[in-house]
Amino acid sequence: DTAVSQTPKYLVTQMGNDKSIKCEQNLGHDTMYWYKQDSKKFLKIMFSYNNKELIINETVPNRFSPKSPDKAHLNLHINSLELGDSAVYFCASSQQSGGGVAFFGQGTRLTVV
Amino acid sequence: QKEVEQNSGPLSVPEGAIASLNCTYSDRGSQSFFWYRQYSGKSPELIMFIYSNGDKEDGRFTAQLNKASQYVSLLIRDSQPSDSATYLCAPRGGSASKIIFGSGTRLSIRP
């Protein structure tokens, strides 16, 4: 049973398109995150939700819109894709209490052409 | 100053030796400290966490934390080729929902 699962694993799309990445966790965690890992492998936090409420919104273009329909799901919608959006996007989840170790999904490799 | 600083490497260590990975952080409110390992093309996986000053050992891994110096390290004893990966230091910020990652240290274990 996959703890944190993302779909799709690979996404190739043209500039200007709109795309979504879905994430689900079955760990019962109350906090979920989106991270972006660029070509230099730097893992940068984008958003964090706690019990469906947005609590962290880093400096991310507003073309990126997260949505959390319930605490087990956190989706990422990206409008008007640009070449610079090409990266690996990781979803993660953690429990707020007990130290908050984050568990990661397998990542979505987005390539914008 | 970056929030989390790590030497990017590559750090090359002979098989069987001790690999020492270092990390400094800027947020004095950080309470939890994690070390993740990331193999190429894979997602980060947790290998150690530490909350209190001092040392914490788990098998071949030892994490060391010094909150006064804002310094955390990871020692890997009896290094194996399978330890070759990028190691990410990740303090959990004073704002408990923010886990910030360092840029990672690439470790290479040579046979």
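The values are calculated or read from the model by the stated rules, or taken from the named source; none is laboratory data. Bear in mind the structure is a predicted one, so any value in this text is a computation, not a measurement. Reconstructed Cβ throughout: ideal geometry from the backbone, glycine too, with neighbour counts over all protein chains shown. Each accessible area value is taken on the protein alone, full model and side chains, heavy atoms only, with ligands, DNA and RNA left out. Shrake-Rupley method; radii C 1.70, N 1.55, O 1.52, S 1.80 Å.
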Could you give each residue of the range B:50-66 its phi-based ³J(HN,Hα) in whole Hz, using Karplus coefficients 6.51, -1.76, 1.60 with θ = phi - 60°, and x for Gly or Pro?
8, 10, 10, 4, x, 10, 9, 10, 8, x, 7, 9, 10, 9, 10, 10, 9
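Which of the three applies to chain B, rounded, prolate or oblate, going by the alpha-carbon gyration tensor with a ≥ b ≥ c and a/c under 1.5 meaning rounded?
Working: a/c = 1.93, a/b = 1.57, b/c = 1.22.
It is prolate, given that a/c is not under 1.5 and a/b is the larger ratio.
What total accessible area, in Å², is buried where chains B and A meet, using a 1.4 Å probe and rounding to the nearest 100? Show your work: numbers first, answer last.
Numbers: alone 5960 and 6330 Å², together 10710 Å².
Looking at B and A, the buried total is near 1600 Å².
Loop-only GluC sites (Glu not before Pro) in the range B:9-111, please: DSSP not H, G, I, E or B, and at most 14 other Cβ atoms within 10 Å.
Numbers: sites: B:Glu15, B:Glu45, B:Glu57; in loops: B:Glu15.
Answer in residue order: B:Glu15.
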Taking only protein heavy atoms and a 1.4 Å probe, what accessible area per residue, in Å², does chain B have with all protein chains in place?
46 Å²
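Relative contact order of the range A:11-113: what whole-number percent is it, with Cα pairs under 8 angstrom and at least 6 residues apart?
Working: 237 pairs, mean separation 37.4, N = 103.
Once divided by the residue count of the range A:11-113, the mean separation gives 36 percent.
Sort A:11-20, B:27-36 by the packing proxy (mean of other Cβ within 10 Å over each peptide's residues), most packed first. Walk me through the intermediate numbers first.
Details: A:11-20: 12.9, B:27-36: 19.3.
Highest-to-lowest ranking by the protection proxy: B:27-36, A:11-20.
Under a 1.4 Å probe, what is the accessible area of chain A per residue, stated in Å²?
Values: 5560 Å² over 113 residues.
It amounts to 49 Å² per residue over chain A.
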Of all the accessible heavy-atom surface of the protein assembly as shown, with the other protein chains kept in place and a 1.4 Å probe, what percent is carbon and sulfur?
48 percent
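Rounded, prolate or oblate: which one fits the range B:24-66, using the alpha carbon gyration tensor with axes a ≥ b ≥ c (rounded when a/c is under 1.5, else prolate when a/b beats b/c, else oblate)? Walk me through the numbers on the way to the answer.
Details: a/c = 2.86, a/b = 1.38, b/c = 2.07.
Oblate, because a/c is 1.5 or more while a/b does not exceed b/c.
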Given a cut-off of 20 Å, what percent of all Cα-Cα pairs of chain A lie beyond it?
34 percent
